[in-house]
Amino acid sequence: MERDPRRWWILVVLCLALLVLVVDNTVLNLAIPKLYQELGANQSDIQWIIDAYVLAYAGLLLTSGSLSDRYGRRLFLVIGLVIFGGASLLAVLVTEPWQLIAARALMGVGGCLVMPSTLSILMTVFDEDERRKAMAAWSAVALVGMVSGPTLGGLMLQNFWWGSVFLINIPIAAVAIVAAFVLMPESKAEGRKIDLVGVVLSVVGLTAAVYVIIEREWNWPIIAVAVVALGAFVLWERKQKQPMLPLHLFANRNFSGASFSILLMSFGAGAVMLMLTQYLQFVLGYQAMQAGLAMLPYAIAAAVFNGIGAGLGQKVSNRVLVGVGLLVISGGFVVMATTTGYLPLLTGLVMMGIGAGTMGPAAYASLMGAIPLQHAGVGSALNDTVQQVGMAMSIAVLGSVLAGQYTSSLPPGLPPAAGESIGQAHLLGYGPAANEAFTSAMHVGSWVGAAFSVAAALLAVIVLRPAAPAPVQEPVKV
């Protein structure tokens, strides 16, 4: 089939849409100190400002992916960008923490419509020969945006109020919407029916499961809802001729191996950005702009090695690239766990960028190469769901580890409020003691991240097939 002459411009639009989601999440972490000071948020508010997005996003991902396959991937991309941009405007105008929580939940709804469409459209536009290069660019934007976003956000925070970080989203979303209509063809899987029962069961089950994870409590009624709904979802999907989620994908070693490797990697790395932004600003005393610039080496290393990883993928198996990349990430965690100060931290950041860049194209190529194109949307959504669950688990589990270690490392006699967070301790005037306790907690969290990265590498070596993924179908005609 003749290649679409607009395909690389389409990739630019997809990367732009992806960038707005990634930048938003990383910018928010950098704004946490100002949310305490200017919005009057407490630790519970901060947690829900972060979790409201995750809950809406992860709970609706599979549904949005399935619907985009049926009704149009470009359509859902544009609708998601409109919702996301509108919610960002609302976030700029809020005056109370609960209002920001609601705006963040609405952003999650928009984000869950955008994210599956970016990767599924890429799959339909590029053929097998160019798909790995396109995925390398896609994953490079995700990695670069994760760290370069705080640089731009730091500039805004240093000169304006906390709400200015959400202004960044609006022009990017607007440009992506216009470009999508001008450049991007519509694509959909004709003749697919909507599995309404599957939709309801997946939304209820995933939302309940993610809620339990992020709340870090044994809420037995909610756990029961999650188990029953997800169990019923699996049983229902197995009996459908046109299931919402083709469960047979998990029988493919490349799909399941890449999925769970990414899950464990996300678990290990999920709290790193939150951990580092607080360490740089509270412990090292960096301004927001300085903190953003301090993490740029990660983005640069990731971008460079994304290209290298994509090139190596033509000669080296996905199994080797994913395993080696995860081991390098683990080494970066070890450096962070055994040192203090920015220069040693810089070494760890660069190592983690190298590892993420090396494994990214291979992991995505292995996972998406196992998905039939008619299921590209829901397959992409499943990939995103795996990552979001991993991130949510890391925030819950590693967050608990960090909080427990931080509290236990504080000297006796401090008021209970100082043990809630390092931000609260600084506001109360216990900065030196809090800095020492947080550094100890970050070291423990880094060891946990290293352990999970090694586990992910072992899983990749055991499960992934050594050969490159078999060629998938040619791009669908759109």
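The values are calculated or read from the model by the stated rules, or taken from the named source; none is laboratory data. None of these values were measured; they are calculated from a predicted model. When we count neighbours, we look across all protein chains shown, and the Cβ atoms used for this are built from the backbone with ideal geometry, even at glycine.
Just a few scattered comments:
- Pairs meeting the criteria (first residue in region 20-31 and closer than 18 Å to L81 by Cβ, second residue outside any helix (DSSP H, G or I) and modelled with pLDDT of 75 or more, beta carbons under 9 Å, at least 6 apart or on different chains) are V20/I168; V23/I168; D24/I168; V27/I168.
- Residue match in region 166-175 (condition: out of contact with any Leu (no Cβ under 9 Å at 6 or more places or on another chain), surrounded by 17 or more Cβ atoms within 10 Å (Cβ to Cβ) and either in the same structural domain as L321 (by TED's automatic domain parsing) or not charged (D, E, K, R) (or both)): no
- Tally of residues being surrounded by fewer than 15 Cβ atoms within 10 Å (Cβ to Cβ) and closer than 30 Å to T151 by Cβ across region 182-201: 1
- The listed residue being assigned by TED's automatic domain parsing to the domain that holds G307, at pLDDT 80 or above and surrounded by fewer than 18 Cβ atoms within 10 Å (Cβ to Cβ), out of Q99, Q158: Q99
- If the condition is being closer than 21 Å to N42 by Cα and of a type in the set (V, I, T), then region 82-109 contributes V92, V94, T95, I101.
- Helices (runs of 4 or more DSSP H) completely within region 140-258 that count 2 or more residues being more than 23 Å from the chain's Cα centre (by Cα): 169-183, 196-215, 220-239
- Single match in T124, T118 (criterion: of a type in the set (V, I, T), in contact with a Ser or Thr (Cβ under 6 Å, 6 or more places away or on another chain) and in a helix (DSSP H, G or I)): T124
- As for region 68-77, it holds no residue that is of a type in the set (G, A, S), at pLDDT 80 or above and farther than 30 Å from P185 by Cβ.
- Where helices (runs of 4 or more DSSP H) sit wholly within region 1-102, those with at least 2 residues that are more than 30 Å from L230 (Cβ to Cβ) occupy 7-30, 73-93.
- When V78, V82, V92 are screened for being touching a residue at least 60 places away in the same chain (Cβ under 8 Å) and surrounded by 19 or more Cβ atoms within 10 Å (Cβ to Cβ), only V78 passes.
- Contact map, region 423-445: first residue outside the structural domain of F282 (by TED's automatic domain parsing), second residue buried (at least 18 other Cβ atoms within 10 Å of the Cβ) and in a helix (DSSP H, G or I), Cβ cut-off under 8 Å, separation 6 or more or different chains; the map is empty.
- Residue match in region 294-306 (condition: in a loop (DSSP other than H, G, I, E, B) and touching a helix residue (DSSP H, G or I) at 6+ places or on another chain (Cβ under 9 Å)): yes
- Residue in region 408-431 that is polar (S, T, N, Q), over 15 Å from S44 (Cα atoms) and over 22 Å from the mean Cα position of the chain (by Cα) present: yes
- Scanning region 317-344 for residues that are of a type in the set (A, V, I, L, M) and in contact (Cβ under 8 Å) with a residue 12 or more places away in the chain yields V320, L321, V322, V324, L326, L327, V328, I329, V334, V335, M336, A337.
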